[in-house]
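What follows is a single structure, written as structure tokens, with notes after it.
The values are calculated or read from the model by the stated rules, or taken from the named source; none is laboratory data. Everything numeric in this text was worked out from a predicted model, so none of it was measured. As a convention, Cβ positions derive from the backbone with ideal geometry for all residues, glycine included, and neighbour counts pool all protein chains shown. All accessible areas refer to the heavy atoms of the entire protein, side chains included, with ligands and DNA or RNA removed. Shrake-Rupley method; radii C 1.70, N 1.55, O 1.52, S 1.80 Å.
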Amino acid sequence: MPELLWNRAPATPVATLVLAHGAGAPMDSPFMATMAGLLAERGIEVARFEFAYMARRREEGIKAPPDRAPRLMACFQAVLDEVRRAAPGPVWVGGKSMGGRMATMLAADPDTAPDGCVVFGYPFHPPGKPEKTRLDHFPALAAPVLICQGERDPFGKPPEVAGYSLPSRVTLHWVPDGDHDLTPRKRSGIDPRANLAGAADRAADFIRGRVSR
């Protein structure tokens, strides 16, 4: 069972979010740490974990590639099950990039689907290959999904994503001038911290709005 890194909400949490990292950065990367902290401040308790390949990187110093999806999914499911046993309220899943993709795959399983899903930077397609989409499981989504996507994200920009006919369960939030990490260009005049805080606001509001229904 992977070790969990918790960001506790200051009061009774609205929900617990199991948050998975992306392909190349660990659970305590600057993005993951910042976003988890922002969400906790907004009443969303966050549990971070690492997939087995990333844990090996940390322990052995070897840059192992990501495992294949079935192994990633099994790890994520085990963490979700563990958190469900401990959490007092609704349990959501989410992630950064690859971790977010795995979260949506969990949300597409009607037998084990979480209460909802939040993704920061969904990898809609490989950079430069908008025709090679990663959306085959989207029609089967059994839970609400929020995707916070940078407007300049090479894994999916507004004109490309507009042509994908996403199911009604998916809500998109476009982050101004953001790249795959939601970071704007300096010349945009946008504060990078404001982009992250805005995404956290949108995610917390999305979760709160569905929990209260």
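Here are some notes:
- Close pairs from segment 105-116: first in contact (Cβ under 8 Å) with a residue 40 or more places away in the chain, partner open to solvent by less than 20 Å² (accessible area, probe 1.4 Å) and among the aromatic types (Phe, Trp, Tyr), Cβ under 8 Å, at least 6 apart: PRO114/TRP92; ASP115/TRP92; GLY116/TRP92; GLY116/PHE206
- Segment 42-63, residues that are free of Cβ contacts under 8 Å to residues at least 40 places away in the same chain and either basic (Lys, Arg) or under 24 Å from ALA204 (Cβ atoms) (or both): ARG56, ARG57, ARG58, LYS63
- In segment 1-118, counting only strands (runs of 3 or more DSSP E) that sit wholly within it, the ones holding 3 or more residues that are open to solvent by less than 10 Å² (accessible area, probe 1.4 Å) and touching a helix residue (DSSP H, G or I) at 6+ places or on another chain (Cβ under 6 Å) span 15-20, 44-49, 91-96.
- Annotation: ALA140 fulfils all but one of (1) closer than 28 Å to PRO13 by Cβ; (2) open to solvent by 20 Å² or more (accessible area, probe 1.4 Å); the unmet one is (1).
- Summed over segment 143-159, the residues that are within 23 Å of ALA108 (Cα to Cα), open to solvent by less than 40 Å² (accessible area, probe 1.4 Å) and part of a loop (DSSP other than H, G, I, E, B) give a count of 3.
- Beta carbons closer than 8 Å, at least 6 apart along the sequence or on distinct chains, pair a first residue in segment 168-181 that is touching a residue at least 24 places away in the same chain (Cβ under 8 Å) with a second that is of a type in the set (Phe, Trp, Tyr) and in a loop (DSSP other than H, G, I, E, B) for HIS180/PHE155.
- Some residue of segment 146-153 being of a type in the set (Val, Ile, Thr), under 26 Å from GLY178 (Cα atoms) and out of contact with any Asp or Glu (no Cβ under 9 Å at 6 or more places or on another chain): yes
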